[in-house]
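Colleague: Before I ask anything, let me first share the structure, which is written out below as structure tokens.
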Amino acid sequence: MPKIRIMEFDEPQLDQDAPLSLPTCEIQVWQAYTPAFNARVQELAALLSGEESRRMGRFYFQQDRVRFAVAHGILRKLISRYLNTRPRRIDFRNGSKGKPELYGPCAVADFFFNISHSHQLVALAFSKIRHIGVDVEHIRAIPDFEEMAGYYFHPTESAVLQSLPCSKKQQYFFDCWTCKEAFVKATGDGLSRPLHSFFICADNKTAHGILRIKGEGAADWRILPFEPVRGYAGAVAFRGNPPGG
Ligand SMILES: CC(C)(COP(=O)(O)OP(=O)(O)OC[C@H]1O[C@@H](n2cnc3c(N)ncnc32)[C@H](O)[C@@H]1OP(=O)(O)O)[C@@H](O)C(=O)NCCC(=O)NCCS
């Protein structure tokens, strides 16, 4: 049964170079609060590749450029510590449906990652499990969220949403959304897998809080929701069929 370890990446961590280890049965999720890096954005941006710098430059809003530099700079910092290399020596490429992966000399057989960002939070998940996905969402007012759920959620999930008292609907919407996105990010399908084609089974949680997914080709997949920080919802998805899980 994979164990999930949630850790904070704060500003002093930028000066750390100590190697990091990734136990086989662990999914490590680092979370970073972007305003904490305001004074060091240039330093993080300097770690990016030419292609990443161009992507960063295409964002219209400064806050989006900052978040991109923080997410991708910290990604390089952490991978360099896990794989004992330099941050700028790491190469990435996108899979057929856009999932970023390591490429070239750093593409070792048992090291995988996925990232997510929302508002002021960045989450970076690392694992030896090949298929891993993470999603975080800032819980915010969305006026038409029930309509959105009708469009994106499976009918089973929409029915649960409808049955809840008003005070619980928004939290459920974001919990369900992050679980669904973590799953399509773990498979690498992204939005090429229709979000209403599967549902998260919240009714038979394992003792570790791990959820199953129902839908075509989803039997072996598992989801672990987590609360990254107050005001955000988060979930990690992975492939695995642990005994009793
Ligand atoms: C990949 C996707 C599913 C996730 O997007 P998201 O939740 O908006 O954004 P996140 O911050 O969680 O994830 C983005 C990161 O996922 C990674 N990613 C991109 N494509 C991916 C894929 N196919 N599989 C896994 N990861 C992927 C990238 O690292 C990307 O970050 P980057 O652009 O800085 O490199 C995206 O395709 C998307 O557009 N989602 C929005 C869908 C939506 O409106 N859902 C409504 C549900 S109710």
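The values are calculated or read from the model by the stated rules, or taken from the named source; none is laboratory data. Keep in mind that this is a model prediction, so the values were computed, not measured. For neighbour counting, all protein chains shown are included, and Cβ atoms are generated from backbone atoms with ideal geometry for every residue, glycine included. Accessible surface areas use protein heavy atoms only, side chains included; no ligands, DNA or RNA. Shrake-Rupley method; radii C 1.70, N 1.55, O 1.52, S 1.80 Å.
Colleague: Kindly establish whether residue 94 is in contact (Cβ under 8 Å) with a residue 60 or more places away in the chain, of a type in the set (S, T, N, Q) and either away from the ligand (no atom under 16 Å from the Cβ) or closer than 18 Å to residue 131 by Cβ (or both).
Modeller: So residue 94 fails the test.
Colleague: Pick from the range 166-196 the residues that are outside any helix (DSSP H, G or I) and open to solvent by less than 50 Å² (accessible area, probe 1.4 Å): which of them is nearest to the ligand (Cβ to nearest atom)? Break it down stepwise before answering.
Modeller: Restricting attention to the range 166-196, the residues satisfying the condition of being outside any helix (DSSP H, G or I) are 188-189, 193-194.
Keeping just the survivors that are open to solvent by less than 50 Å² (accessible area, probe 1.4 Å) gives 188-189, 193.
Values: 188: 5, 189: 6, 193: 9 Å.
In this case the residue turns out to be 188.
Colleague: Which of the residues that make up the range 126-146 are closer than 14 Å to residue 230 by Cα, near the ligand (Cβ under 9 Å from one of its atoms) and either among the aromatic types (Phe, Trp, Tyr) or open to solvent by 10 Å² or more (accessible area, probe 1.4 Å) (or both)?
Modeller: Our first condition is that a residue be closer than 14 Å to residue 230 by Cα; within the range 126-146, this holds for 136-140.
Still in the list and also near the ligand (Cβ under 9 Å from one of its atoms): 136-137.
Matches in the range 126-146: 137 only.
Colleague: Okay, moving on. Which condition number does residue 217 fail, the rest of (1) at pLDDT below 95; (2) loosely packed, with under 12 Cβ neighbours inside 10 Å; (3) over 17 Å from residue 1 (Cβ atoms) being met?
Modeller: (2)
Colleague: Moving on. Checking the conditions here, which among 80, 163, 158, 118 is touching a His at 6+ places or on another chain (Cβ under 6 Å), surrounded by fewer than 22 Cβ atoms within 10 Å (Cβ to Cβ) and hydroxyl-bearing (Ser, Thr, Tyr)? Let's see the steps before the verdict.
Modeller: Working: 80 fails: touching a His at 6+ places or on another chain (Cβ under 6 Å); 163 fails: touching a His at 6+ places or on another chain (Cβ under 6 Å); 158 fails: touching a His at 6+ places or on another chain (Cβ under 6 Å).
Only one candidate qualifies: 118.
Colleague: Counting only residues that are within 13 Å of the ligand (Cβ to nearest atom) and either at positive phi or not aliphatic (A, V, I, L, M) (or both), how many does the range 110-125 have? Break it down into steps so the answer makes sense when it comes.
Modeller: So the first thing to find is which residues in the range 110-125 are within 13 Å of the ligand (Cβ to nearest atom), and the list is 112-125.
Those left that are additionally either at positive phi or not aliphatic (A, V, I, L, M) (or both): 112-114, 116-120.
Count: 8.
Colleague: Report, by residue number, each residue of the range 48-77 that is surrounded by fewer than 20 Cβ atoms within 10 Å (Cβ to Cβ) and not in a helix (DSSP H, G or I).
Modeller: Scanning the range 48-77 gives 49, 58, 59, 60, 61.
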